[in-house]
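The values are calculated or read from the model by the stated rules, or taken from the named source; none is laboratory data. The shown structure was predicted, so the numbers you read here are calculated from the model rather than taken from an experiment. Here the Cβ positions follow ideal geometry from the backbone for every residue, glycine too, while neighbour counts run over all protein chains shown.
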Amino acid sequence: MSDYEFYKDRSKKILSEKRFIHSVNVSVASEKLAVRYEADVDKAKIAGLLHDICKEMNEETLTKLLSEADFEIFNAFKGYPLKLYHGPAGAVYLQKEFGIDDKEILNAVCFHTTGHANMTTMEKIVFVADYISEERPFDNLSELQALALKNIDLVVLKKCETTIEKFKGTTIPVHPYTLDTYNDIKRPATKSQ
Ligand SMILES: [Fe+2]
Ligand SMILES: [Fe+2]
């Protein structure tokens, strides 16, 4: 059994059916993007498959896992909406419970919701794959999927814009890493115009 099949079996036991289907779809989208952007396809498939491994865990578990993340990550996420914890908590969990030590995979899981400045190709792949996975209810889903294969940065921006727009006028803060991601990609594009 390949690592991928092993992780698929294990995650199926942890996730709800809906979340498992989403995870497999994100894995498929990650694979396509990895081929296109010449990233490690096996790692992208695994990171996509496992990115939401902690999504359905309770507050106590998420808080405990986050407290085991490195100090910088812990500080960056602590106090922000609990919903955001599942990225860094997932990275800790996969290291502890799945024995995954690969930094490319762990960081792609850690930052799949917020992004951060200077994202690696692998991080962008999972960040975007999560946004364009096959079951997403967007009217323009096929356009977004095509755009991701043309210029992944433009879809990174769109995901950030969707998040910023969603919380506009609410009391929920946009995580600074999401704003960093947005500004980081926007800046060189603006400079070259
Ligand atoms: Fe997620
Ligand atoms: Fe997801």
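Some points to look at:
- Count of the range 66-99 residues, restricted to those that are part of a loop (DSSP other than H, G, I, E, B) and crowded, with 21+ Cβ neighbours inside 10 Å, is 1.
- VAL28 being without any contact (Cβ under 8 Å) to a residue 60 or more places away in the chain, of a type in the set (Val, Ile, Thr) and not in a loop (DSSP other than H, G, I, E, B): no
- Of all residues making up the range 115-152, the number that are among the β-branched types (Val, Ile, Thr) and farther than 24 Å from LYS55 by Cα: 1
- Among the candidates LEU94, LEU157, LEU62, LEU66, residue that is farther than 23 Å from SER11 by Cβ and either over 12 Å from the mean Cα position of the chain (by Cα) or of a type in the set (Ser, Thr, Tyr) (or both): LEU157
- Residues that are out of contact with any Cys (no Cβ under 9 Å at 6 or more places or on another chain) and either modelled with pLDDT under 95 or hydroxyl-bearing (Ser, Thr, Tyr) (or both), drawn from the range 16-69: SER16, SER23, SER27, SER30, TYR37, THR63, SER67
- Criterion violated by THR63 - all others in (1) part of a helix (DSSP H, G or I); (2) among the hydroxyl-bearing types (Ser, Thr, Tyr); (3) within 16 Å of ligand 1 (Cβ to nearest atom) satisfied: (3)
- Selection of the range 24-57 for residues being of a type in the set (A, V, I, L, M) and either more than 15 Å from ligand 2 (Cβ to nearest atom) or under 15 Å from ALA148 (Cβ atoms) (or both) yields VAL26, VAL28, ALA29, LEU33, ALA34, VAL35, ALA39, VAL41, ALA44.
- Filter result (without any contact (Cβ under 8 Å) to a residue 24 or more places away in the chain and either part of a helix (DSSP H, G or I) or within 16 Å of ligand 2 (Cβ to nearest atom) (or both)) within the range 134-155: ARG136, PRO137, PHE138, LEU141, SER142, GLU143, LEU144, ALA146, LEU147, LYS150, LEU154
- Taken residue by residue, the range 156-166 has at least one member that is of a type in the set (Val, Ile, Thr), touching a residue at least 24 places away in the same chain (Cβ under 8 Å) and in a helix (DSSP H, G or I).
- Restricting the range 103-133 to residues that are outside any helix (DSSP H, G or I) and away from ligand 1 (no atom under 16 Å from the Cβ), the residue that is farthest from THR181 (Cα to Cα): THR120
- Meets criteria (touching an Asp or Glu at 6+ places or on another chain (Cβ under 8 Å) and in a helix (DSSP H, G or I)) for LYS18: no
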